[in-house]
Amino acid sequence: MDTDTGTDAGTGTGAGERAAARRMWHLLEPVHAVVYYAPEAYEEAAALGYGTAERWPAYFAWRAAPLGAAGAEETTAAFHSFSPDMVARYVPESWRIAAPDAVLAARTRAVTRTYAALARTRAVTRTYAALLGPGADTPGVAEAATLARRVAGAAVPAGPLSAANAALPWPGEPAAALWQAATVIREHRGDGHLRALREAGLDPVESLVSFAAIGAAPPEVFASRGWTPTAWEAARSRLAARGLVDAAGAATEAGRELRAQVERRTDELAAEPWRVLSDDEREHLAKALEPFWVAAIGSGLLPGVNTLGIGKV
């Protein structure tokens, strides 16, 4: 593998392509993730019968529904970072509450309602409101949906989540189509990230411990993945034995380099579908996405510190 300034011999992916893929991920991730926190999505989940005192019943239903009535083991493998015990609390119970097809229909409604609600917030200008409002069909949102859908169509499925989302029918409403394209692209990136972690010899909990060790987020943020303190400490001990963390749990130079390799490899794999767009088309998409990004970030719904390390790595 190359340095950060060269080209990877295995993929032919240069630093510029990696940087572009990461930039587009930073723009698309809030567009995708805001639905997991939106009141409108909670209302749709409650209408199906899911509890809403915490976000996890709806989260597992929304995200796993493309897999069909998947069991706990399949869902744990697809999600990777969650404790098997945590997944088992919600899956397959999710499908006893509502069938996956009903969840998917509600998810699309949640997306449309969430974007419409964002358009009404004070954080969104009139232009943004026109882009995000119900039935939005302005050139900006239509262009964003069309370009993002081309990228999604070029994303060769790298794992179960990207494959399942890519196989879904496309919504007719442009904003909903944009969300689905963003979802296919981010799950494709996520599946590639899991491949990079496996190549680095990091199991699910080690992946989180090593990420916390480089300062991506405090360890308590990763508690949302359901691992016990005992499991966390055992993973830290395994990493220490490999020389990847020190006695205090901070990453060593070797640990930082391994995580840098993981991120570089993730960007290389994520860059592949973006080649379907020219540089000018990618820039047009970035500009078209800005209203969605501003609306999602400005909503205050998304957590300031996240397990993905956006803004940290």
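Kindly check whether there is at least one residue in the stretch 300-311 that is in contact (Cβ under 8 Å) with a residue 24 or more places away in the chain, in contact with a Ser or Thr (Cβ under 7 Å, 6 or more places away or on another chain) and of a type in the set (A, V, I, L, M, F, W, C). Checking the stretch 300-311: not a single residue is in contact (Cβ under 8 Å) with a residue 24 or more places away in the chain, in contact with a Ser or Thr (Cβ under 7 Å, 6 or more places away or on another chain) and of a type in the set (A, V, I, L, M, F, W, C).
Taking the condition free of Cβ contacts under 8 Å to residues at least 12 places away in the same chain and under 21 Å from the mean Cα position of the chain (by Cα), does Glu220 pass?
Numbers: free of Cβ contacts under 8 Å to residues at least 12 places away in the same chain: yes; under 21 Å from the mean Cα position of the chain (by Cα): yes.
Answer is yes for this residue.
Counting only residues that are modelled with pLDDT under 95 and of a type in the set (Lys, Arg), the stretch 234-290 holds 1 of them. If only residues of the stretch 148-164 that are open to solvent by 10 Å² or more (accessible area, probe 1.4 Å) and free of Cβ contacts under 8 Å to residues at least 60 places away in the same chain are counted, the one that is farthest from the chain's Cα centre (by Cα) is Arg149.
Answer yes or no: is there a residue in the stretch 272-285 that is among the small types (Gly, Ala, Ser) and open to solvent by less than 30 Å² (accessible area, probe 1.4 Å).
First pass over the stretch 272-285, keeping only residues among the small types (Gly, Ala, Ser): 278.
So of that shortlist, the ones also open to solvent by less than 30 Å² (accessible area, probe 1.4 Å) come out as none.
Within the stretch 272-285, none of the residues are among the small types (Gly, Ala, Ser) and open to solvent by less than 30 Å² (accessible area, probe 1.4 Å).
Of the helices (runs of 4 or more DSSP H) entirely within the stretch 67-115, those holding at least 3 residues that are under 25 Å from Arg189 (Cβ atoms) and open to solvent by 50 Å² or more (accessible area, probe 1.4 Å) occupy 72-79.
Quick one: which helices (runs of 4 or more DSSP H) lie wholly within the stretch 165-267 and hold at least 3 residues that are open to solvent by less than 20 Å² (accessible area, probe 1.4 Å) and not aliphatic (A, V, I, L, M)? Before the answer, list the steps.
On the way: elements: 174-199, 204-213, 229-241.
Where helices (runs of 4 or more DSSP H) fall fully within the stretch 165-267 and carry at least 3 residues being open to solvent by less than 20 Å² (accessible area, probe 1.4 Å) and not aliphatic (A, V, I, L, M), they are 174-199, 204-213.
Taken residue by residue, the stretch 119-130 has at least one member that is touching a Lys or Arg at 6+ places or on another chain (Cβ under 9 Å), at pLDDT below 70, farther than 30 Å from Thr76 by Cα and part of a helix (DSSP H, G or I).
Kindly indicate the residue of the stretch 24-48 that is within 14 Å of Arg109 (Cα to Cα) and acidic (Asp, Glu) and also modelled with the lowest pLDDT among those meeting that condition. It comes out as Glu40. For residues that are open to solvent by less than 50 Å² (accessible area, probe 1.4 Å) and closer than 21 Å to Trp274 by Cα, tally how many sit in the stretch 286-309. Selection size over the stretch 286-309: 5. Among the residues of the stretch 36-66, the ones that are assigned to a helix (DSSP H, G or I) and under 19 Å from Phe79 (Cα atoms) come to 12 in all.
The values are calculated or read from the model by the stated rules, or taken from the named source; none is laboratory data. No experiment lies behind these values; they were computed from the predicted model shown. FYI the Cβ positions are ideal-geometry reconstructions off the backbone, even for glycines, and counts take in every protein chain you see. Note: accessible area is taken over every heavy atom of the protein model, side chains too, but ligands, DNA and RNA are not part of it. Shrake-Rupley method; radii C 1.70, N 1.55, O 1.52, S 1.80 Å.
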